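Every number here is computed from the coordinates shown, using simple stated rules; none is lab data. Only a predicted model underlies this, so the values are computations on that prediction, with no experimental measurement involved. Cβ placement follows ideal geometry from the backbone for every residue including glycine, while neighbour counts extend to all protein chains displayed.
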Amino acid sequence: MRRENIIFGTLILTAATTVVRIVGMLFRIYLANVLGAEGMGLFQLILSVYLLMVTLATAGIRVAVSRLISEELALRNFNNAKRVLRQSLVLSAFTGFASAFILYYFADYMGNSILNDSRTTMALLYLVPSLPFIAVSNCYKGYFYAVGKITKPAVIQVAEQLVRIAVIFYIMDIFLPKGIEYGCAAVAIGMTVEELFSLILTWLFYIFDKKPFKKSNIKANNMIFKILGISLPISATSYLNAILRTVENTLIPARLILFGLSPAAAMSIYGMIKGMVLPILFFPSSFLTSLSSILIPAVAGDNAASNEKKVSSTLSKVLHFTSISGILVVAVFVAFPKEVATVVYNDSQVGIMIKIISYVCPFMYLNMVISSMLNALGEQMSSFKINIIESALKISIIYFFVPVYGFNAYLFSLFITTILNTILYLTRLLQVSCIVFDISNWIFKPVASGAAAGFISKFSYNIFMANSTNQIFSLISSIIICMLLYLMGLVLTRSVKLSSINELKKYIKR
């Protein structure tokens, strides 16, 4: 994929991701209102087990499809590229049905003994049929990313979200009066219908797609070992992360109860952080999520062609953009934490948590992008080892210190492990690439620009509120001012050069 296609594709996927996140955030507000903080906490517990099963179903195969097809097309081995997709579909069908079988037969045990709440069992059972659908559709999506046809997964992303919301809206009034567990079950049904629709739409797009596989006399190789060589380390990392995340999610309410909170209060705090605060903080990362999806095939293709200079240039620009994006998010949420929480959730207490946790956003965003970079460079085992260290440390802090120091210990674990993970990821990336980390232009100058922009925009917000009673208009206007001032600061300090902005305009026009 050429550089202009990376940017154009990222913009398309970003637009779709942004629409999905806006709609999803509005829907999350609806869920928070109908289920309450306790209900959101209960559903987050359900999601922790479900995501573990999704990890088992997908098994890192989408990354393998995306990377290997991109590499084989770059080397013009078209028969190998076709075989990658076919063999990956067989593997995905197997892992999808296997994970569905496990969830079906162990749903009751997982709900009662692992999550320690029998109210989760019903929703887990309704999620069982979705697992084979996710596994197979993931393969097709990996193919679209590999060949640079980003519009199709972007359309699917928006359509499946709308289907899920429509189904949940339709059945929620029937289920919720019976109890919170039935409300969670309604959401689970909507998610299963969403994945079925996604598979059908993805398959139709693939059937009618003009394939890039040209006729070739080169005999196709058995690609199964290459697929497993990429997918197994990634899936092992994902399995471990999912297992440890499930342990972490079940530990937090349990250890808060030992600290002295009631079960309902512990579940409410857990639901506030996992179901309300973190989604807000990850909402601005649409561009980075899209970029991470496209980065693997783009860098893998250049890496296969031994184009080291282009690989280093691409990775450096992505790291720079990720860093300044994360710092902008901190500036906005530190300046307007209670205002954002009030507008979104009508709950100022959420704003306190948003302000505190926002400081770790740049590290979260860097983790997301650097992980994709390492996977694109074949460093799956490095990611695996680093994630073991991070998760083991976080669980240890939660287990030993939350019963003594309460929620503050959880916040400490979140900060220290995220920062450590970023340092280890970045150290490994610098070792296996020719990137030079520009600490002045990527950190110091953006931090200074962000601090100034946040202070001035907060002042402008107070002026708007003094002359208007419309809080939403005042907040949006002030955030726009903050973003413009931040960009101006980056240009004035030469952290971002005008030539780079003009170059981006040319790419977009193409």
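Modelled spin labels at SER396 and ILE200, positioned 7 Å past Cα toward Cβ, are 5.1 nm from each other. Spin-label pair ASN462-LEU162: with each label point 7 Å from Cα along the Cα-Cβ axis, the two points sit 4.4 nm from one another.
Beyond 23 Å between alpha-carbons counts as too far, so tell me which of LYS274/LYS317; LYS152/LYS317; LYS141/LYS210; LYS355/LYS394; LYS152/LYS497; LYS152/LYS210 fall in that bin.
Violating the 23 Å Cα-Cα cut-off are LYS274/LYS317; LYS152/LYS317; LYS152/LYS497.
Of the residues ILE230, ILE389, the one with the fewest other Cβ atoms within 10 Å heads the list, and the complete ranking is ILE389, ILE230.
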